[in-house]
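What follows is calculated from the coordinates using simple rules that are stated; it is not laboratory data. A quick note: this is a predicted structure, and the numbers were derived from the prediction, not measured. Please note: Cβ atoms are built from the backbone with ideal geometry, for glycine as well, and neighbour counts cover all protein chains shown.
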Amino acid sequence: MSDKFVVAGKAFSSRLLIGTGKYKDFAQTRAAVEASGAEIVTVAIRRTNIGQNANEPSLLEALPPSKFTYLPNTAGCYNAEDAVRTLRLARELLDGHDLVKLEVLGDPQTLYPNMPETLKAAEQLVKDGFKVMVYCSDDPIQARMLQDLGCVAIMPLASLIGSGMGILNPWNVQLVIGAVDLPVIVDAGVGTASDAAIAMELGCDGVLMNTAVAAARDPVMMARAMKKAVEAGREAFLAGRMPKKLYSAAPSSPNEGKIAPSRSKAA
Amino acid sequence: MNYTRGLSASVSFLLMIQVIVNGATHRLERPLDVAALVARLELSGKRIAVERNGEIVPKSAHRTTQVADGDRLEIVVAVGGG
């Protein structure tokens with residue numbers, strides 16, 4: 001069965017997107033990413049340390065851009081201008097790579113998206129030729145606005161970034177899925193494997209996570225668990241779950257051909 | 001005496017430029033292009049991107065873009081992040 005995840009015209013086998021922050025070292029980052037099977041990895045853009053550790057290993061050596069699709073983010077940006085500048089730097093850094101993750105944050109306590117600034121930045125980035133995957137609120141109307149601006153993927157939070165609180169509003173995630181014709185990826189909030197499976201069962205096209213893997217006691221094992229959860233959730237979605245029967249049970253074994261009852265039937 | 005000292009101070013002022021790189025002030029001798037600045041900061045050959053006064057300086061233009069007094073530069077790399 002071919003069930004590719006297609007974003008901005010490019011097909012991927014894995015529907016799990018992995019962040020590269022918060023690992024112990026680059027060796028662990030690489031081991032976790034490989035265990036997850038992810039093909040798309042997010043990276044941040046930061047000032048280089050001038051005059052320090054000239055021979056420090058770099059992330060690009062641990063995860064060669066030839067093997068992984070980089071998704072540079074705008075983490076830490078609180079306005080549209082900073083986000084646009086950051087991604088222009090990313091495109092220069094990554095030799096013209098134009099698939100990016102836009103996130104414009106509202107405040108450091110919640111890291112909730114600032115949607116007016118997100119929309120402004122998305123408009124500018126699309127005009128600049130970027131393919132914009134966008135972190136956003138789980139609001140179907142604004143998701144559609146982002147689609148209309150020309151974004152390539154809608155990535156609502158399921159709960160706060162780094163909180164591990166799981167899929168707090170599955171109804172809104174489904175509203176977003178129904179509102180747009182673009183891939184919808186839950187970005188933020190996944191804490192453990194079942195959360196990832198739930199996101200996929202809702203019909204999401206993918207899940208993006210970082211802390212759930214990096215902050216697990218065994219990040220590499222958790223990465224493997226997430227791979228299975230995303231695959232299981234996707235197959236459950238495609239298989240089509242049974243309808244829920246409220247307040248009534250239905251036996252799984254035949255009612256016919258049972259042996260003679262020893263006592264009269266229960267009332 | 002005072003006159004000479006004043007003159008040499010202003011000559012050296014004319015030869016030196018002050019730029020801000022990643023938020024820190026650097027006093028450097030001109031003329032200086034972006035490639036030379038990158039070399040001075042021991043970043044040659046590293047995978048970096050440079051922004052000068054809010055505009056990207058493409059790698060192809062590092063040798064032809066002069067750094068001027070008062071410029072603000074950002075030099076970035078990719079790091080781990082979500």
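Taking segment A:1-40, which trypsin sites (Lys or Arg not before Pro) meet the DSSP loop condition and have no more than 11 other C-beta atoms within 10 Å?
Details: sites: A:4, A:10, A:15, A:22, A:24, A:30; in loops: A:4, A:15, A:22, A:24.
Qualifying residues, ordered by number: A:4, A:24.
At a 10 Å Cβ-Cβ cut-off, how would you order A:228, A:131, fewest neighbours first?
Working: A:228 14, A:131 18.
Starting with the residue having the fewest Cβ neighbours, the order is A:228, A:131.
Could you state, as a whole-number percent, how many of the C-alpha pairs of segment A:124-190 are farther apart than 21 Å? The partial results should precede the final answer.
Values: 478 of 2211 pairs.
Result: 22 percent of Cα pairs exceed 21 Å.
What ratio of Cα Rg to 2.2 N^0.38 Å holds for segment A:164-267? Numbers along the way, then the final one.
Values: Rg = 19.7 Å, N = 104, 2.2 N^0.38 = 12.8 Å.
Working it through for segment A:164-267, the quotient is 1.53.
Where the Cα atoms of segment A:177-219 are projected onto their three principal axes, how long is each span, largest first, in whole Å?
Cα spread of segment A:177-219 along its principal axes, largest to smallest: 37, 15, 11 Å.
With the contact rule set at Cα under 8 Å and sequence spacing of 6 or more, what percent relative contact order holds for segment A:1-130? Please report the intermediate quantities before stating the final value.
Values: 159 pairs, mean separation 24.0, N = 130.
Contact order relative to length: 18 percent.
Let me have the 222 nm mean residue ellipticity of the protein assembly as shown computed from DSSP H runs of 4+ only, each contributing -39500 (n - 2.57), with the sum over all residues rounded to the nearest 500. Show your work: numbers first, answer last.
On the way: 11 runs with 117 residues, N = 349.
Computed mean residue ellipticity for the protein assembly as shown: -10000 deg cm²/dmol.
For segment A:93-225, state the average projected area of the convex hull of the C-alpha atoms over all orientations, rounded to one decimal in nm².
Answer in nm², one decimal: 8.4.
On a C-alpha basis, how far is the centre of segment A:25-73 from the centre of segment A:204-267 in Å? Whole number, if you could?
Result: 35 Å between the Cα centres.
How large is Rg over Rh for segment B:15-82, taking Rg from the Cα atoms and Rh as the Kirkwood inverse mean of 1/r across Cα pairs? Please report the intermediate quantities before stating the final value.
Details: Rg = 11.8 Å, Rh = 12.2 Å.
Answer for segment B:15-82: 0.96.
Find the Cα radius of gyration of segment A:86-151, compare it with 2.2 N^0.38 Å by division, and give the number to two decimals. The partial results should precede the final answer.
Numbers: Rg = 12.0 Å, N = 66, 2.2 N^0.38 = 10.8 Å.
Rg over 2.2 N^0.38 Å, computed on Cα atoms: 1.11.
Given just the C-alpha atoms of segment A:1-123, how large is their convex hull per residue in cubic angstrom? Provide the component values of the computation, followed by the final result.
Details: hull volume 17.9 nm³, N = 123.
Once divided by residue count, the hull of segment A:1-123 is 145 Å³.
In units of 2.2 N^0.38 Å, what is the alpha-carbon radius of gyration of chain A? Could you put the intermediate results ahead of the total?
Details: Rg = 21.5 Å, N = 267, 2.2 N^0.38 = 18.4 Å.
Ratio of Rg to 2.2 N^0.38 Å for chain A: 1.17.
Which net charge results for the neighbourhood of residue A:41, defined as the other residues with beta-carbon distances under 15 angstrom from its beta-carbon, given Lys and Arg at +1 and Asp and Glu at -1?
Working: positive: A:10, A:15, A:22, A:30, A:67, A:101, A:227; negative: A:34, A:39, A:61, A:187.
With Lys, Arg at +1 and Asp, Glu at -1, the net is +3.
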